[in-house]
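Here the structure is laid out as structure tokens; the discussion comes afterwards.
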Amino acid sequence: MLLDLPLILETRRNHALEHAAIHILNRQFPGQHMAGHSNPTGFYLLGDLQTQDIWIAATEAHTRLNSGESGLAIHPGCGTNLAITTLLAATLAWFPLRGKKSTLTRLLLIPLALLFALAGYHLSRPLGPWLQKYVTTEANLGALRIVDIIPIRKGVHRIITK
């Protein structure tokens, strides 16, 4: 399966670890803004955090995911949610406006387009977490381990996995 190809699977596992670490850090540091970006060799964590706090959270996240807490791999702030919401809302809003229409007709169709966009927004709410669970993350970390955490600059850390 495509999702199990090595580079993709490693990215999905790191994405799950990133989400789990952010869940734990959010609980520890409520109100702290954080973001992450995963790739096959680890992930970046953005936020005003100490390296030691990230080590502790990432290690706990790794342990908890390996213990079966797969729900930690799903995060409401994930870009998957944003992407699917934007895609569905924009696509559905486009439907009533597509094709050759006069300017007046297009103006009259704007309320319908907004209604379609709202439907897309509501459809995306359960779809984003579903996509995270089955496509963009993999909570089963396998043999993945945390190798190092490197502060890149203030507010940016690189978590390296293997």
Checklist entry - In this structure, does G120 turn out to be over 18 Å from the mean Cα position of the chain (by Cα), more than 24 Å from M34 (Cβ to Cβ) and crowded, with 18+ Cβ neighbours inside 10 Å? => result yes
Checklist entry - Residues L123, L49: which one is part of a loop (DSSP other than H, G, I, E, B), within 30 Å of N14 (Cβ to Cβ) and aliphatic (A, V, I, L, M)? => result L49
Next on the checklist: For the structure I just gave you, tell me whether P129 is surrounded by 14 or more Cβ atoms within 10 Å (Cβ to Cβ), within 30 Å of A21 (Cα to Cα), under 20 Å from the mean Cα position of the chain (by Cα) and not basic (K, R).
Outcome noted: yes
Checklist entry - Among the residues of segment 83-100, is any closer than 21 Å to E18 by Cβ, of a type outside the set (S, T, N, Q) and either assigned to a loop (DSSP other than H, G, I, E, B) or under 18 Å from the mean Cα position of the chain (by Cα) (or both)? => result yes
Checklist outcome for this item: Per the filter on segment 43-68, residues within 17 Å of T136 (Cα to Cα) and not aromatic (F, W, Y) are L65
Checklist outcome for this item: The condition of being more than 14 Å from I146 (Cβ to Cβ), in contact with a His (Cβ under 6 Å, 6 or more places away or on another chain) and surrounded by 13 or more Cβ atoms within 10 Å (Cβ to Cβ) holds, among H75, H23, H15, only for H75
Checklist entry - So which residues in segment 58-111 are of a type in the set (S, T, N, Q) and within 30 Å of K162 (Cα to Cα)? => result T59, T63, N66, S67, S70, T80, N81
Item to check | Matching entry among A61, A16 (being in a helix (DSSP H, G or I) and either among the β-branched types (V, I, T) or over 20 Å from L127 (Cα atoms) (or both)) | outcome: A61
Item to check | Cβ-Cβ under 6 Å pairs, at least 6 apart or on other chains, segment 13-24 side of a type in the set (S, T, N, Q), far side at pLDDT 95 or above | outcome: N14/S38; N14/G42; N14/F43; N14/T161
Next on the checklist: Residues that are touching a strand residue (DSSP E or B) at 6+ places or on another chain (Cβ under 9 Å), small (G, A, S) and farther than 18 Å from L131 by Cα: does segment 30-38 have at least one?
Outcome noted: yes
Checklist outcome for this item: Only unsatisfied item for T85, checking (1) over 30 Å from T105 (Cα atoms); (2) surrounded by 17 or more Cβ atoms within 10 Å (Cβ to Cβ), is (1)
Next on the checklist: Would you confirm whether or not segment 136-151 contains a residue that is surrounded by 13 or more Cβ atoms within 10 Å (Cβ to Cβ) and part of a helix (DSSP H, G or I)?
Outcome noted: yes
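Which of the following residues is exposed (fewer than 14 other Cβ atoms within 10 Å of the Cβ) and in contact (Cβ under 8 Å) with a residue 60 or more places away in the chain: L65, L49, L3?
Numbers: L65 fails: exposed (fewer than 14 other Cβ atoms within 10 Å of the Cβ); L49 fails: exposed (fewer than 14 other Cβ atoms within 10 Å of the Cβ).
Being exposed (fewer than 14 other Cβ atoms within 10 Å of the Cβ) and in contact (Cβ under 8 Å) with a residue 60 or more places away in the chain holds for just one of L65, L49, L3, which is L3.
The values are calculated or read from the model by the stated rules, or taken from the named source; none is laboratory data. Bear in mind the structure is a predicted one, so any value in this text is a computation, not a measurement. Cβ coordinates were reconstructed from backbone atoms using ideal geometry, including for glycine residues, and neighbour counts include every protein chain displayed.
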